[in-house]
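Shown next, in C-alpha cells, is the structure this report addresses.
The values are calculated or read from the model by the stated rules, or taken from the named source; none is laboratory data. The structure presented is a predicted model; accordingly, all values stated were derived computationally and were not measured. All Cβ positions, even for glycine, are placed from backbone atoms using ideal geometry, and neighbour counts span all protein chains on display.
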Amino acid sequence: MSLQSKLFVAPGKAFAFNPATPALIAVFAGIVGVFVYQYGLLAMLGAVLFLFLLAWMFGRPEATTLIILFVIYSNLAVVAVHYHGAPEIVSVGFFLLLGLPLVHRLVVQRKKAVFNPVFFLMLGYLVIMLAAGIFSQDAGRSLVRVIGYLCEGVILYFLIVNAIQTQAMLRKAIWAVLAAGILMGSITLYQSLTDSYDRSFGGLAQLSNTVINTGEGGGGGEEEGQFRLAGPIGEQNRYAQIMLVLLSLAVSCALNERRRALRILALLSCIPILAGVLLTFSRGAFLSVLLMLAFMIYLQRLKLRYVFLALFSAVSFVFVAMPEYVYRIATVSRMSSLASGQFRTVDSSVRGRATENLAALNIFLDHPLLGVGPGQTSQYMEEYGNKLGIKRLESTRRAHNMYLEESADNGIFGFICFMAIVLVTMRQLAAVRRYWLPRRPDLASIAAGFLLAIIGYLTSGLFLHLSYQRYYWLLLALAGAAVHVLQPEKSAKPKPSE
C-alpha cells in the first residue's frame, strides 16, 4: 500500500478527496496569520504553549490541583503581576484553573459534584450580603465586596472541595500548602539572618511600611527601629496569620505520616514557618500561637515533657537571638491601661485599634439588622471613632477585628451566618476526629490539625479584619475536603493508594 493510502484511506474504503479541506486549512492559516501580524510571533507561540499547558493540566487533575494550591498559598500569582509584569488576570483568575479538575471529574470520571452543608450556608451568606448591600448608602462599593466573596469564597471553596476526593490527595494537598510555607519562611529567615532588607528577592521577601521600636537606643541617642518582614504578602500581620495556621498542619504531618523521612521533614518545616511568624513582630500572632499550643496539647495528645522542652528551647533562642521581639511582646501588658482610661501610656497602634474596634461596635449597635453594607464600615469609622476621644482618626480605617467588622458590615443576620459556616465546619471536624481516634489515630490527627488551624485563624481574627480573604476560605475548603474524604463510610475500605 502506498504512503497516500496509509495516510488517507480507511480500511475497506476508497480514498475520497474532500474539497472543503483546503478551504478550512486556508481559514486556519489566515487566523494564525492575523494573530501573528497583530500580536507578534512570540505571542502566538505563547498562546500555543498555553493551550498545550491547559491540555496537560486537564489530563493531570491531581498535579494541577497541587500546583494551584502551592501558587495560591505562596501568593506567587500576585507577585508575578506586581513584580514581574504579568497580566492582571493572572492574579485575579489564576484559581479558576481549578475548574479543570472539576470538569475532568464531571466529564471524564462521570462523578457527581460535591455539595456539602457548608457550601449552602455560604450561599445563604452571599444572599445576606446582597441584601445588606442593596439597603446600604453605597450599593456599588458593597457590590465590589460581594463579588470578591463570590470569587474568592464561594467558587474557590466549591472547586477545592471537588478537587480533593481521596485521603492520598488530601495528604498531598496539605503538603502543597506546607511547601509554600517552607518556601516563604525560608526566604524570610534568610533575609533576616543576612540583613538583606534592601532586597525583595523577586517579591518573595517584602518589608512592611512600618518600623517598630525595639526599646534600644542608637548611637545618636535616638531609639533604634526594627523592620517587620512581610514575605510575599506585603503586609506583616496577614503574613503572620497565614503562616501560623500552617504550624498545626506541620505537627499533624509529623504525627501521622507513615514514612519517617516525611515525619522528620514536617517537624523541620516548623522552623521556617515559625520564623515567618516571629519576624513579623505581630503581637496578635504571638497570642494566637500560645492558644494553638494549648489546644494542640489536648487535641493531638502531645506529651507534656516534649512540649515544654520545645517551648523552653524556643523561648531561650528568642531571648538570646531576638531580644527586640521580647520587648515587642512585653508591650501587650500595657493594654490593660486602656480599661482604666490611661490612654497615653499605650502605644499609638494599640490606641488606634481600640478606637477602630469600639467604633465598629457602635456602628453595629446603630445598624443591628443588616449593618451598613459589605465593605462600608470604613466609611463610618472616622465619624464614630473620633467621638471616643482615644485617638483621632484622620482617614478611613477598617476595624482591626474580624467579628466586629462583620457585624458592622452585615448586621446580626450576616454575623450569625458567617459564624455558622466556620462552626459547622469545626463541629464536623470534631466528629470525624472522635470517630477515628480509637480506630485510626493518623486520620484523627489530620482532623485535629485542621481544627487547630481554624482555631489559630479565628484567634488572630480578634486582632485583624478579614483581609486577603482567599486564605480564610481556602483553609475552610481544605477542612471541608478533609471532612468529606474522612467520613467513615468513605474511609471504611481505603484504596491501596490511600
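The set of residues in the range 377-410 that are at pLDDT 90 or above, among the small types (Gly, Ala, Ser) and more than 16 Å from Asp138 (Cβ to Cβ) contains only Ser407. Among the residues of the range 131-150, those identified as in contact (Cβ under 8 Å) with a residue 12 or more places away in the chain and out of contact with any helix residue (DSSP H, G or I) (no Cβ under 6 Å at 6 or more places or on another chain) are Ala131, Phe135, Gln137, Asp138, Arg141, Val144, Arg145, Gly148, Tyr149, Leu150. Scanning the range 263-276 for residues that are without any contact (Cβ under 8 Å) to a residue 24 or more places away in the chain and closer than 20 Å to Met169 by Cβ returns Arg263, Leu265.
Against the numbered list (1) of a type in the set (Gly, Ala, Ser); (2) modelled with pLDDT under 85; (3) surrounded by 15 or more Cβ atoms within 10 Å (Cβ to Cβ), Ser192 comes up short only at (2).
Could you go through the range 394-411 and let me know if any residue there is among the aliphatic types (A, V, I, L, M) and free of Cβ contacts under 8 Å to residues at least 60 places away in the same chain. Yes, because at least one residue in the range 394-411 is among the aliphatic types (A, V, I, L, M) and free of Cβ contacts under 8 Å to residues at least 60 places away in the same chain. Go through the range 326-345 residue by residue and tally those that are part of a helix (DSSP H, G or I), modelled with pLDDT under 70 and either under 28 Å from the mean Cα position of the chain (by Cα) or not aromatic (Phe, Trp, Tyr) (or both). Total satisfying the criteria: 12.
Residues checked against (1) assigned to a strand (DSSP E or B); (2) modelled with pLDDT of 90 or more; (3) farther than 30 Å from Glu62 by Cβ; (4) of a type outside the set (S, T, N, Q):
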site: Ala176; (1), (2), (3), (4): no, yes, no, yes
site: Thr188; (1), (2), (3), (4): no, yes, no, no
site: Ser196; (1), (2), (3), (4): no, no, yes, no
site: Arg238; (1), (2), (3), (4): no, yes, no, yes
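Leu475 meets the conditions (1) out of contact with any Leu (no Cβ under 9 Å at 6 or more places or on another chain); (2) surrounded by fewer than 21 Cβ atoms within 10 Å (Cβ to Cβ); (3) in contact (Cβ under 8 Å) with a residue 60 or more places away in the chain in every case but one. The failed one is (2). Against the numbered list (1) assigned to a helix (DSSP H, G or I); (2) modelled with pLDDT of 75 or more, Leu370 comes up short only at (1). Would you pick out the residues in the range 196-210 that are over 17 Å from Leu76 (Cα atoms), in contact (Cβ under 8 Å) with a residue 24 or more places away in the chain and of a type in the set (S, T, N, Q)? Listed by number, the residues that qualify are Ser208, Thr210. In the range 286-306, the qualifying residues are those that are of a type in the set (Phe, Trp, Tyr) and touching a residue at least 12 places away in the same chain (Cβ under 8 Å), and the one that is surrounded by the most Cβ atoms within 10 Å (Cβ to Cβ) is Phe286. For the range 426-438, the criterion of being outside any helix (DSSP H, G or I) and either surrounded by fewer than 19 Cβ atoms within 10 Å (Cβ to Cβ) or under 24 Å from the mean Cα position of the chain (by Cα) (or both) is satisfied by at least one residue. Of the listed requirements (1) out of contact with any helix residue (DSSP H, G or I) (no Cβ under 9 Å at 6 or more places or on another chain); (2) under 19 Å from Ser252 (Cβ atoms), Arg301 misses just one: (1). In the range 51-79, the qualifying residues are those that are out of contact with any helix residue (DSSP H, G or I) (no Cβ under 6 Å at 6 or more places or on another chain) and small (Gly, Ala, Ser), and the one that is nearest to Leu246 (Cα to Cα) is Ala63.
I want to confirm something. Restricting to the range 282-297 and keeping residues that are part of a helix (DSSP H, G or I) and of a type in the set (Gly, Ala, Ser), which single residue is farthest from Leu464 (Cα to Cα)?
Applying the filter and picking the extreme gives Ala294.
From the list Leu423, Leu462, the one residue that fits, being surrounded by fewer than 20 Cβ atoms within 10 Å (Cβ to Cβ) and without any contact (Cβ under 8 Å) to a residue 40 or more places away in the chain, is Leu423.
Scanning the range 100-115 for residues being part of a helix (DSSP H, G or I) and surrounded by fewer than 17 Cβ atoms within 10 Å (Cβ to Cβ) gives a total of 4. Do the conditions hold for Val118, that is, is it under 30 Å from Ser378 (Cα atoms) and crowded, with 16+ Cβ neighbours inside 10 Å? Yes: the conditions hold for Val118. Being farther than 27 Å from Ile147 by Cβ and surrounded by 23 or more Cβ atoms within 10 Å (Cβ to Cβ) is the filter here; which residues of the range 358-402 pass it? The one that is farther than 27 Å from Ile147 by Cβ and surrounded by 23 or more Cβ atoms within 10 Å (Cβ to Cβ): Gly385. Taken over the range 346-367, residues that are over 13 Å from Glu405 (Cβ atoms) and assigned to a helix (DSSP H, G or I) amount to 9.
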